[in-house]
Ligand code: 13P
Ligand code: SF4
């Protein structure tokens, strides 16, 4: 049954000159059939650099929107319209526009986990894979608002010795990883290296050997001499790590570390998307024109 769906996906994809891009958190079956699996930064670059007629994007909506901004000539189709990101929804256009009107002196830095409309209001975007590099290059004599992830913003403030203002958003999943969870995992696995995502709270980051983006975790494992790793991020990452590093052991923190939005992308819906029943990303032209600028600036700077 799964094999039938995979063969169907391959045939449909070739017939339509489509490319399947997938985030590291999607279900293993989609990771295995995708043309490229990566973090937000890698997926943005892939969207920009490919010349496919159709991009099937398996991730959450802001990622599909970013692909559309960077590859406007392609049809960007998602398997489902229902895969959102609550963190992105914590900083919507109207709220940010009102804040910006009251704080015209601020440089606005948006984590890529934002809607295209929100991006249309900001100066530059970052992903967890390039945030430190980009924020370090900003003019620090002017006030900066980092949005919407208060944890990523606080981790950057700490690393760079800054005092950026922080929007009060977070990822419920990463914010839910507690000091006690890391302490218990370390006590049970004293030989393991600890990797956590940069969306975790600063006190959790302080306990880890490395705080990274999802692609950063893959690079970290590649360079590390450790044989076992505690993985403080979404569960889809375990599959990715196990496929790429079969000789290492990866220890998840909690079975509940599941981004239900990412998991809304199923193999069945991927077939539907390739058969014309997916959700096509469309954006108003004025939003496209303004929102692409901070993304392009990010790619230039990183
Ligand atoms: P990465 O860019 O590190 O893959 O993170 C995206 C994300 O949504 C993490 O929750
Ligand atoms: Fe959004 Fe968190 Fe899911 Fe990432 S893991 S897509 S930040 S809800």
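One table, with the values for the structure above:
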read-out	value
Matching option when the condition is crowded, with 18+ Cβ neighbours inside 10 Å, within 14 Å of ligand 1 (Cβ to nearest atom) and at pLDDT 95 or above, among 135, 126, 122	126
Number of positions in the range 49-70 that are at pLDDT 95 or above and either touching a strand residue (DSSP E or B) at 6+ places or on another chain (Cβ under 6 Å) or farther than 14 Å from residue 296 by Cα (or both)	13
Count of residues meeting criterion [part of a loop (DSSP other than H, G, I, E, B) and within 16 Å of ligand 2 (Cβ to nearest atom)] in the range 61-116	14
Which numbered condition residue 33 misses (of (1) modelled with pLDDT of 95 or more; (2) under 18 Å from the mean Cα position of the chain (by Cα))	(2)
In the range 251-279, the residues that are within 16 Å of ligand 1 (Cβ to nearest atom), in contact with a strand residue (DSSP E or B) (Cβ under 8 Å, 6 or more places away or on another chain) and outside any loop (DSSP other than H, G, I, E, B)	252, 262
Residues within the range 236-250 that are free of Cβ contacts under 8 Å to residues at least 60 places away in the same chain and within 12 Å of ligand 1 (Cβ to nearest atom), tallied	0
Test: residue 46 is away from ligand 2 (no atom under 16 Å from the Cβ) and in contact with a strand residue (DSSP E or B) (Cβ under 6 Å, 6 or more places away or on another chain)	yes
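The values are calculated or read from the model by the stated rules, or taken from the named source; none is laboratory data. All values reported here derive from a predicted model rather than from experimental measurement. Counting neighbours? That spans all protein chains shown, and the Cβs are built from the backbone with ideal geometry, glycine included.
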